[in-house]
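See below for the structure under consideration.
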Amino acid sequence: MNQTKNKKSFTAIKIFNNGEIVAKGWYIACKSAEIPNKKAKSLEICGQKIVIFRGTDGKTRALEAYYPHLGTDLGIGKVEGNQIRCFFHHWQFNEEGNCTQIPCQSSIPSKAKLQAYATEEKYGFIWIYPDKIAPQSVAEFDEFKGKSIIAIPDKAFERNCHHHICMMNGIDAQHLQTVHKININMDLILEQNSEENQINFTLRGQFPSTTLREKIGRKLLGESYEYTMRYADGCLGLLTIMKNVKLFPPLHMIYAYTPMASGRTRIQPIYIAQKRKGLFGWFVTQFLLLCTRLAYYALRGEDGQIYDNIRFNPNAILKIDTPLVKYMEYVNKLEISMWSHNLINE
């Protein structure tokens, strides 16, 4: 393989597949249940050590973990009210990252500040945004806005490549035909929000009817098939499958991606369904969540072989790869976060 040619391909891309850059977006920190009231925990997220604590009001806060005096980890500190106090010298900090008390003196140095981060609790997880204020909330499905949902997380796993590469799987129409034997010619429809942090890829086409498997699928589901992948901030994928088919409602799943300093990616799958009333409604919801899980596991194993052994080099691009090109263009327009300069490949 031509190493020089590969290097030129990568350096031509500003953000996409760049292990030294973290785009602004929502990244999973931990499950909500891991941070009870009046407790703190420090975690490494995208190469950053961050302390998360929950005040007596039940709200989570996030700060740079190492306090600015001698660098003690605030994760071993004590939550008092809605602030956190360092275990070592008992300096106290509020959610803005400002020191509010030093026991040994009344004056507070101007440098006694920490970087604060926005947090949000959604889908059973605590999410962190790499800035003090987040311009938008964690992404959601349009059809679930204002509705009660049930979110079931599956076991997180890792892939041996950059998360931008993993995320392309959902819009790679060519691999549906080659790897998964789903022989559908799909048309692409693109929609992007005004902030340009989200993009929707809708792929639709007609079921073929040449093999027995295709004929059965056409009979049960109808002549056409459609699915949508919503990407948010280049680190979150919201997949909707089984759209506009017979005998079955759409299924929804979220993939949350977190880049790791080693060049690997941590992926958290989450199954989503609307919460329905009554006993029958509960069974319907659980059935849809089960079907979503089965659909996910039917595809994950085969795709894993690819993304654990890939060396991405997009030179010979085909017309069918148009969604991938559009996705790369979208990622390269995202905003770079302050975490980028600290994320170093090992």
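The values are calculated or read from the model by the stated rules, or taken from the named source; none is laboratory data. What you see is a predicted model, and the numbers here were worked out from it, not measured in a lab. Virtual Cβ from ideal backbone geometry, glycine too; neighbours counted across all protein chains shown.
Listed values, structure above:
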read-out: Only listed residue being in contact with a Lys or Arg (Cβ under 6 Å, 6 or more places away or on another chain), β-branched (Val, Ile, Thr) and in contact (Cβ under 8 Å) with a residue 24 or more places away in the chain, chosen from Thr228, Thr265, Thr240, Thr210; value: Thr265
read-out: Flag if Leu318 is of a type outside the set (Lys, Arg), surrounded by 15 or more Cβ atoms within 10 Å (Cβ to Cβ) and touching a residue at least 12 places away in the same chain (Cβ under 8 Å); value: no
read-out: Odd one out for Ala261 among (1) at pLDDT below 95; (2) more than 18 Å from Gly25 (Cα to Cα); (3) within 24 Å of the chain's Cα centre (by Cα); value: (2)
read-out: Subset tally (residues that are of a type in the set (D, E, K, R) and assigned to a helix (DSSP H, G or I)) for region 267-298; value: 1
read-out: Spans of strands (runs of 3 or more DSSP E) in region 98-204 with at least 1 residues out of contact with any Pro (no Cβ under 9 Å at 6 or more places or on another chain) and free of Cβ contacts under 8 Å to residues at least 60 places away in the same chain; value: 99-101, 116-122, 186-192
read-out: Residues located in region 47-72, provided they are at pLDDT 95 or above and either outside the structural domain of Leu114 (by TED's automatic domain parsing) or in contact with a Cys (Cβ under 9 Å, 6 or more places away or on another chain) (or both); value: Ile52
read-out: Leading residue by the ranking (farthest from Met338 (Cα to Cα)) among those in region 65-99 that are of a type in the set (D, E, K, R) and crowded, with 19+ Cβ neighbours inside 10 Å; value: Arg85
read-out: Subset tally (residues that are buried (at least 20 other Cβ atoms within 10 Å of the Cβ) and within 19 Å of Tyr297 (Cα to Cα)) for region 130-162; value: 1
